[in-house]
Amino acid sequence: MASHIVGYPRMGPKRELKFALESFWDGKSSAEDLQKVASGLRASIWKQMKDAGIKYIPSNTFSNYDQVLDTTAMLGAVPPRYGWTGGEIGFDTYFSMARGNASVPAMEMTKWFDTNYHFIVPELGPDMKFTYASHKAVNEYKEAKALGVDTIPVLISPVSYLALSKPAKGVDKSFCLLSLLPKVIAVYKEVVADLKAAGASWIQFDEPILVLDLDSQKLQAISAAYAELESALSGLNVLVETYFADVPAEAYQTLTALNCVTAFGFDLVRGTKTLELIKGGFPSGKYLFAGVVDGRNIWANNLAASLDTLNSLESIVGKDKLVVSTSCSLLHTAVDLVNETKLDNEIKSWLAFAAQKIVEVNALAKALCGQKDEAFFSSNASAQASRKSSPRVTNEAVQKAAAALKGSDHRRATNVTARLDAQQKKLNLPMLPTTTIGSFPQTVELRRVRREYKATKISEEEYVNSIKEEIRKVIELQEKLDIDVLVHGEPERNDMVEYFGEQLSGFAFTVNGWVQSYGSRCVKPPIIYGDVSRPKPMTVFWSSTAQSMTKRPMKGMLTGPVTILNWSFVRNDQPRSETTYQIALAIKDEVEDLEKAGITVIQIDEAALREGLPLRKSEQANYLDWAVHGFRITNVGVQDTTQIHTHMCYSNFNDIIHSIIDMDADVITIENSRSDEKLLSVFREGVKYGAGIGPGVYDIHSPRIPPTEEIADRINKMLAVLERNILWVNPDCGLKTRKYDEVNPALTNMVAATKLIRDKL
Ligand code: GLN
Ligand code: ZN
């Protein structure tokens, strides 16, 4: 009976690590205090797995910030600007790399594959000296051992580490990062020797890049790396773990041919073709770690179905070589269902968070060796059945309406140029119209009002009056600043997805269902469990109230279907496209109600559209197709004179620009200022963009006030590649996290810069 967990969330069931980190960073507690919380969390995780009966328990999947940064520390690959002079890397250097310090900015962070987790990107060059500078892996192994738990230490593999790195500033962009492999492996050898000496009998290398479209150079690097490590690894059982998708056929050949590897881990949830690959040939005598329990979602496993899969695998690899596992690290799911006090029992019975998934893995392993816990399996089967048949899940009218959408592509009848003309006649905007993205600063006072209203401590009337007051202030400020297209500031919203989810049917909310996004930052995605519909208008009251306070156009402000989907835990009982179409229809009703209420500019944010892009090229076109279609559905029913905006928080558009054009919005605002105007290069290369476009003119993530000349300079750069009559001027994103004393001068400068340029046009 063998069971394994790929990795486990670090934050703790109630985000204990977050609070310990932030208090340490604020200087309110000591390094020892932080260490104590961290080791307490590790101990409880190991104990939990041991008590559940897990055989292969991971260590070193805990992190004080990020596992890639931990690897950077292990290799001593500290960029010179942090002034590290050698020795064991401590919190000072470590957190400076993660978060920057008073004199040096942080290292870049980017998304971990197609998850919402962000890792710290290693910055490497030919001069980097690698030394064994963090003994975290062996220390954690020993720590667990002292607690009576023999663990599998987990390391990111040397090739995946290098493949996720970038050339440091000043290093030629074409520098081959893989050329550093021998130097990096030299350190890994020391680490492996250390682990062996401490008593480890297994080691896990995470090799996530194996699920990407890899060129043969990278595949060869993988073979070379393990060949080079072979002697160091002798005497150890080596597990190579892959996740997030299936491994392409060629990579599967490379992987399964690795001599010194004893065990292969696969994601059998997202890896839809893995089963066929394994059936097509699996090296005899090696272990298969079968990831049947989903680490990316919160649904209870369909144990009967998993058992079928496992049985068919057992006939290929043999009874004693099959290990039940999770599809990936449980880092990407919520921590423990036990702390969910507000979900009803029916919905709870459909769910499993990390703590419950451990139990599922073990139950499956026991069932495989003839010790099936009948009661556990039968209660799982009835939960599966209740989820299938529950009237809360199914809404036939919604299903019919969504099904009817397929086959047609839903486009507004008039082309965008003609629409923009019609809109301009109505709106009469100046050249280079100015606007903002939606939210204004969320003050402590505002948060208090929302919280007290939710807790029914203040009446609805008091709440509405306070929010109205806030809207009035935001409008007065924008009029004073002389902004052309106004926003109401979103004071009634806590979060752009949660706000809509709470008003739509088919969504549930957790109290503690947090998932780490980066560092101490966590998100609490809503759970979409049923067919989505809109019982009543969601934003019409606030938008029309705001419009009644000004003569200038007031943007209606909605979150688009793809963003709602990508930032939620979604159903696994129907395709994502289906869920998107359902949300799109609900948003469509809202768009049309806003139009009826006299709102003539409506922004539908698709901040996370790019985020859902599948990892493999072969699957991207299909995703983009339904995602873009889903967006178009929301506004296909409006008049030509209604101006549809969309907004995206990502500047990496160059590869999906044609899909963005295909969204057919009238105006798009895009984050731009942090990426050295990478975005503009698309247009420089001749892509024609006929709709309105507002590449952000300043970074809202920083408290820095952008000077007028700098903004003017940015606008001029844009004018060099974009027609003047389609250009808008706006910040990168919403202003929610900024303070008024930053927003005021920044927007003042933005308007001043616009006027300077207008005068010269
Ligand atoms: N309208 C939202 C805001 O301004 C958009 C946020 C986002 O793009 N992440 O806050
Ligand atoms: Zn944004």
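Only the coordinates and a few stated rules stand behind these numbers; no lab work does. These numbers come from a predicted model, not from an experiment. FYI the Cβ positions are ideal-geometry reconstructions off the backbone, even for glycines, and counts take in every protein chain you see.
Among residues other than S389 with Cβ under 12 Å from its Cβ, the summed charge is +1 (Lys and Arg +1, Asp and Glu -1).
Ranking M128, I152, A163 by Cα position along the charge dipole of segment 126-182, where only Lys, Arg, Asp and Glu carry charges on their C-beta atoms, puts M128 farthest toward the positive end. A straight Cα-to-Cα reach below 24 Å connects K321 with the lysines K50, K55, K196, K273, K279, K286, K357, K366, K372, residues fewer than 8 places away in its own chain not being considered.
The simple Förster model, with R0 at 22 Å and r as the Cβ-Cβ distance, assigns N465 and T443 a FRET efficiency of 0.85. Per residue, the convex hull spanned by the alpha carbons of the chain comes to 163 Å³. Computed extension gain for D589 through N494, at 0.36 nm per residue and net of the alpha carbon distance, reaches 32.0 nm. Which of the trypsin sites (Lys or Arg not before Pro) across segment 146-185 are loop residues per DSSP, with 13 or fewer other Cβ within 10 Å? Answer by residue number: K169, K173.
Among the trypsin sites (Lys or Arg not before Pro) found in segment 394-446, those both in a DSSP coil and sparsely packed, with 16 or fewer other Cβ atoms within 10 Å of their Cβ, are K406, R411. Pairs of Lys residues in segment 617-761 are counted when their Cα atoms are under 28 angstrom apart and they lie 8 or more places apart or on different chains; the count is 16.
So which lysines pass the test for K129, namely a Cα distance under 18 Å, with those fewer than 8 places away in the same chain ruled out? Once the sequence-local lysines are set aside, what remains near K129 is K166, K169, K183, K189. By the count of neighbouring beta-carbon atoms within 10 Å, fewest first, V464, V6, V667 end up ordered V464, V667, V6.
Peptides 120-132, 358-370, 554-566 ranked from most to least packed, by the mean per-residue count of other Cβ atoms within 10 Å: 554-566, 358-370, 120-132. Taking the average, over residues, of other Cβ atoms within 10 Å as the packing measure, peptides 723-731, 312-320 rank 723-731, 312-320 from highest down.
Kindly identify segment 722-761 as rounded, prolate or oblate by the Cα gyration tensor criterion: order the square roots of the eigenvalues as a ≥ b ≥ c, call it rounded if a/c is under 1.5, otherwise compare a/b with b/c, prolate if a/b is larger, else oblate. Verdict is oblate for segment 722-761.
Quick one: work out the % antiparallel among DSSP beta bridges in the chain, nearest 5. Of all bridge pairs located within the chain, approximately 15 percent are antiparallel. Ordering Y740, L255, A584 by the projection of their Cα atoms onto the charge dipole of the chain, which places +1 on the Cβ of Lys and Arg and -1 on the Cβ of Asp and Glu, puts Y740 at the extreme positive end.
I need the peptides 81-88, 256-263 ranked by packing, meaning the mean over residues of other C-beta atoms within 10 angstrom, with the highest value on top.
Sorting 81-88, 256-263 by mean packing, highest first, produces 256-263, 81-88.
Straight-line cross-link partners of K400 among the lysines, defined as a Cα under 26 Å from its Cα and at least 8 positions apart when in the same chain: K388, K536, K588, K596.
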